[in-house]
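Following: one structure in structure tokens, then a few remarks.
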Ligand SMILES: NC(=O)c1ccc[n+]([C@@H]2O[C@H](COP(=O)([O-])OP(=O)(O)OC[C@H]3O[C@@H](n4cnc5c(N)ncnc54)[C@H](OP(=O)(O)O)[C@@H]3O)[C@@H](O)[C@H]2O)c1
């Protein structure tokens with residue numbers, strides 16, 4: 001019987017190198033794919049909506065790259081293990097894994113259904129871990145892993161109201177990445193967690209938040225986020241990066257609190273006057 005991948009005209013064994021992107025059908029993931037295709041990277045596209053995946057594959061055709069579509073609902077364990085098996089069966093090498101897919105779960109913790117919590121944790125915690133673990137053997141010495149972090153509040157580090165499970169799942173990804181980095185020391189592959197700040201994308205639709213109303217820190221477009229992420233990959237960065245000075249300043253304010261921030265500024269002013 002013809003497999004999904006054979007149906008896409010792709011032979012079983014594939015000697016090309018690919019970059020795998022989860023959540024490539026909109027927002028940051030889509031912009032990353034378009035930018036990578038422009039640079040002639042072959043792509044493995046992992047998302048749950050077949051129609052949007054087909055549209056993206058069509059859009060990428062003029063770039064002449066090879067694309068592999070993997071329909072996968074990350075909130076479903078069986079779907080993820082099947083997706084990994086499909087990719088492994090191709091014997092491809094992965095130049096990179098961009099663990100980007102994610103969604104918000106707005107609301108008060110006590111109001112969530114068990115199903116909503118379970119699905120969110122599987123999609124944003126379980127599946128990224130299983131994918132990384134299963135596909136690790138397809139990475140080469142030069143490969144990179146990029147994990148999309150959280151908003152500029154660094155909710156992953158400090159918690160946030162009205163998005164508790166989302167924040168906790170991002171905290172998990174952040175600490176998982178740090179632990180893997182510690183385990184491997186300076187060994188490759190490079191692992192980078194990027195906190196993009198607020199990005200204007202469909203991500204905010206479910207919470208009703210309108211990003212264009214945010215005055216500070218600056219809201220960036222998904223194209224801008226993608227370009228910054230790609231330049232970090234080019235610079236072979238690893239560790240944790242918060243995009244934008246204003247996001248970094250916002251984190252400092254959060255960390256210190258207003259009183260300590262004022263004292264800090266006073267201290268800097270005094271030092272400069274001396
Ligand atoms: N937007 C922001 O302000 C912001 C800020 C900080 C961090 N981030 C993080 O950046 C990443 C990308 O966000 P974005 O703004 O680009 O969001 P987006 O426009 O809503 O795109 C999310 C992508 O993830 C996919 N996805 C969601 N749930 C999935 C599931 N269960 N299974 C498979 N695919 C799934 C979606 O595919 P479908 O077509 O299947 O829906 C879509 O391609 C997320 O991890 C988000 O947490 C975003």
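Tabulated values for the structure
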item	result
Pairs where the first residue, in segment 202-216, is outside any helix (DSSP H, G or I) and the second is modelled with pLDDT of 90 or more and near the ligand (Cβ under 9 Å from one of its atoms), C-beta under 7 Å, 6+ apart	214/198
Single residue of 143, 150, 134 found to be within 12 Å of the ligand (Cβ to nearest atom) and touching a residue at least 24 places away in the same chain (Cβ under 8 Å)	150
Residue in segment 159-173 that is away from the ligand (no atom under 16 Å from the Cβ) and in contact with a strand residue (DSSP E or B) (Cβ under 8 Å, 6 or more places away or on another chain) present	no
Residue in segment 188-196 that is modelled with pLDDT under 90 and either farther than 30 Å from residue 140 by Cα or over 15 Å from the mean Cα position of the chain (by Cα) (or both) present	yes
Check on residue 202, surrounded by fewer than 14 Cβ atoms within 10 Å (Cβ to Cβ) and within 13 Å of the ligand (Cβ to nearest atom)	yes
Candidates 240, 223, filtered to the one that is within 14 Å of the ligand (Cβ to nearest atom) and in contact with a strand residue (DSSP E or B) (Cβ under 6 Å, 6 or more places away or on another chain)	240
Flag if residue 119 is away from the ligand (no atom under 14 Å from the Cβ) and either farther than 23 Å from residue 241 by Cβ or in a helix (DSSP H, G or I) (or both)	no
Pairs where the first residue, in segment 172-201, is farther than 25 Å from residue 223 by Cα and in contact (Cβ under 8 Å) with a residue 40 or more places away in the chain and the second is assigned to a loop (DSSP other than H, G, I, E, B) and more than 16 Å from the ligand (Cβ to nearest atom), C-beta under 8 Å, 6+ apart	181/238
Residues being surrounded by fewer than 21 Cβ atoms within 10 Å (Cβ to Cβ) and part of a helix (DSSP H, G or I) - total across segment 30-59	12
Enumeration of residues in segment 56-88 that are touching a helix residue (DSSP H, G or I) at 6+ places or on another chain (Cβ under 8 Å), within 13 Å of the ligand (Cβ to nearest atom) and farther than 16 Å from residue 33 by Cβ	73, 74, 75, 76, 77, 80, 83
Candidate set: segment 34-55, residues that are touching a helix residue (DSSP H, G or I) at 6+ places or on another chain (Cβ under 7 Å) and within 10 Å of the ligand (Cβ to nearest atom); chosen: the one nearest to residue 103 (Cα to Cα)	47
Residue, nearest to the chain's Cα centre (by Cα), within segment 86-115, restricted to residues that are assigned to a helix (DSSP H, G or I) and without any contact (Cβ under 8 Å) to a residue 12 or more places away in the chain	115
Selection from segment 1-29 of residues that are closer than 15 Å to residue 63 by Cβ, modelled with pLDDT of 95 or more and either in contact with a helix residue (DSSP H, G or I) (Cβ under 7 Å, 6 or more places away or on another chain) or surrounded by fewer than 22 Cβ atoms within 10 Å (Cβ to Cβ) (or both)	19, 21, 24
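The values are calculated or read from the model by the stated rules, or taken from the named source; none is laboratory data. Keep in mind the model is a prediction, meaning the values are calculated, not measured. Glycine gets a Cβ as well: all are built from the backbone with ideal geometry, and neighbour counts include every protein chain shown.
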